[in-house]
1. With r defined as the distance between the Cβ atoms of B:Arg388 and B:Gln28 and R0 fixed at 45 Å, what FRET efficiency is calculated, to the nearest 0.05?
2. Any idea of the accessible area per residue across the protein assembly as shown, 1.4 Å probe, to the nearest Å²?
3. Where in segment B:163-189 is the amide nitrogen less than 18 Å from a point lying 7 Å along the Cα-to-Cβ axis of B:Asn232?
4. Cut-off under 25 Å on the C-alpha distance; same-chain residues fewer than 8 positions from B:Lys379 excluded. Which lysines are left, in chain and number order?
5. Roughly how crowded by other chains is peptide B:110-122, in terms of the mean Cβ count from those chains within 10 Å of each of its Cβ atoms?
6. Given the Cα-Cα distance of A:Leu70 and A:Arg83 and 0.36 nm per residue of separation, how much length would full extension add, in nm?
7. Using a 10 Å cut-off on Cβ atoms, rank the peptides B:391-402, B:46-57 from the highest mean neighbour count down.
8. Going by a 1.4 Å probe on protein heavy atoms, which residues of segment B:382-411 end up with at least 40 Å² less accessible surface in the whole assembly than in their chain alone?
Amino acid sequence: MQHEDLNHACAYIISELNRIETVAGTLAMIEREHYDTLNRFDHRELLDVAVEEQSAARQLSMVKQVCGELVQKMAEIQQAVGRQGETGHASSH
Amino acid sequence: MLRLIENWLRSAINETVDKALTRLVRDQYPESIAEMLPSLQKVGGVRFAELLMRSAQGAPAPRPLGSPQRFSPWEQLLFNPVHLCRFPTPENVPVATAVTIGPRARRPLTVAIPILIAGMSFGGALSKRAKIALARAASAVGTATNTGEAGLLAEERAAARLLIGQYNRGGWLNAPEQYRQLDAIEIQLGQGAQGSTPQRTRARNIGPDYREVFGLAEGEDAVIHSRLPGVNSQQEFIRLVRRLRAETGVPVGLKIAATHHLERELAVALEAGVDFVTVDGAEGGTHGGAPTLQDDMGLPTLYAVARARDYLVRQKAAGGVSLIAAGGLITPGQMLKAMALGADAVYIGTAAVIALIGDQAVEALPFEPPTSMVVYTGKLTDQLDEDRAARSLQRFLNACVTEMEMVAVSLGRTALADINKSDLCALDPVLARATGVQLGLVAPDRQERLFPELAGRWQPGWLPPAEPPGGSLPERQDPLEPVH
């Protein structure tokens, strides 16, 4: 893969990770609202579903956190790719 | 007719009780059953029962679930809610519960909640159904479960989204084709309930499924050695850790029984480059171990966590090397206090097993103990409903984390991982000094009244979690400075 392609790939992955991070955060919020709603009912099965919703909310929050960390790593990779590209460009002149 | 029988029975019982009580009151000790009362009080109920078991069997009584003694004074630590000096967290702000184990590893392990299921082996401890139910519950809440000292149980691997495997002293999970299937590797050199004592499961208690998973021949005992096979020096341990890290990329950690040698053990672990350390306090559970190993060895979990964290900070390893606390953590309050003292995550074993059994305990009682539904050699293992058990544990874990989140809100924190020693106060001066938690009996800027050597060296908010090497504290600052 060429240096430019690598750079574009990194940018694309970072952009998608940012999008997944946002979606995960939004879905986590919705799951938490579902938990609150379901908890209003005094019904055993609904309460079990509520517990599952709360677990889902926490796992989506985890996905959001992991995405944030991956974005940082990808940014580091992108910078490294950029530096390598500059070095290669300079040495070819 | 029934009335007549009832009256006759009442009369007979009354007469019998009267006679018994009269004898109890009038007879001297040598002739009275009342002699049992001071004897029981002197010896203690559990010790009395175990004394009789030893005299009947001539061998250690394999007591389940660890020591009944409560070594760690968790109740002497309290959290500090905030109102104005710092504001509580608004209720619409979520509290982050996820933690990453082994952030320096090529493939760190991130879990959605900081509670992990402790190592409890298939066969050596639990039944296959129980292991699968634990794995399913862990996966449902986004956390990891642990193989314990066993081989790789295919059903457990399939049910667990995240599986920590113990590279163990029996050698059953130590082949590359096994440990490469794990999400983290925990080198097991000891446990709180048994130290580094060897253990043996007799062939008569080993079924075909157990033999298959452990790779045992028919009639062969399952033996856990006191040392890890092939590791007889610190250098061999260091080489093992480095090899496993390079080969797998997953977090590689060390599990030990917490002891007074803790720092010396951790020094070797850090030199080896472990990604995480599990300290299992003296309250740690087991499926069945000698009472003396459980009651009379090790270091309480509370002090073990505080010391381990302190050592990691002094070695500038905190943050890079994760600390997992284990041993007798039953309530969410205890779990969160362990985290405030420096643990990144906690393992629960006994609490998980009790929650797993849940309301199915009634199926066993009153003629069998509830644990007979989950231990490998139990009589009622076939009666455990995996779905119900997994759901029961899932509810328990959810309740625990919810309670932890509630505390975090009251502390003004937005992440469980942000809770630290400054969020605690101690009710006991020795505990305060030992753990670095401020003493709740006097104001933050008046701690020197009880600890004169701190005069002029105390920060009004709290003892900073990242105490600089050498233990020197910052100079006193404005006493009205708000806590952060």
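1. On the way: r = 54 Å, r/R0 = 1.21.
For R0 = 45 Å, the calculated efficiency reads 0.25.
2. Heavy-atom accessible area per residue stands at 50 Å².
3. Under 18 Å, as judged by backbone N against the label point of B:Asn232, lie B:169-171 of segment B:163-189.
4. Partners found: B:Lys128, B:Lys131.
5. Average neighbour count from other chains, rounded to a whole number: 2.
6. 2.7 nm
7. On the way: B:391-402: 21.7, B:46-57: 13.2.
Those peptides, ordered most packed to least, come out B:391-402, B:46-57.
8. Output list: B:Arg391, B:Gln394, B:Arg395, B:Asn398.
The values are calculated or read from the model by the stated rules, or taken from the named source; none is laboratory data. Predicted, not measured: the structure shown is a model, and the values here were computed from it. Quick reminder, even Gly has a Cβ in these numbers, built from the backbone with ideal geometry, and neighbours come from all protein chains shown. These area figures cover heavy atoms from the full protein model, side chains too; ligands, DNA and RNA do not enter into them. Shrake-Rupley method; radii C 1.70, N 1.55, O 1.52, S 1.80 Å.
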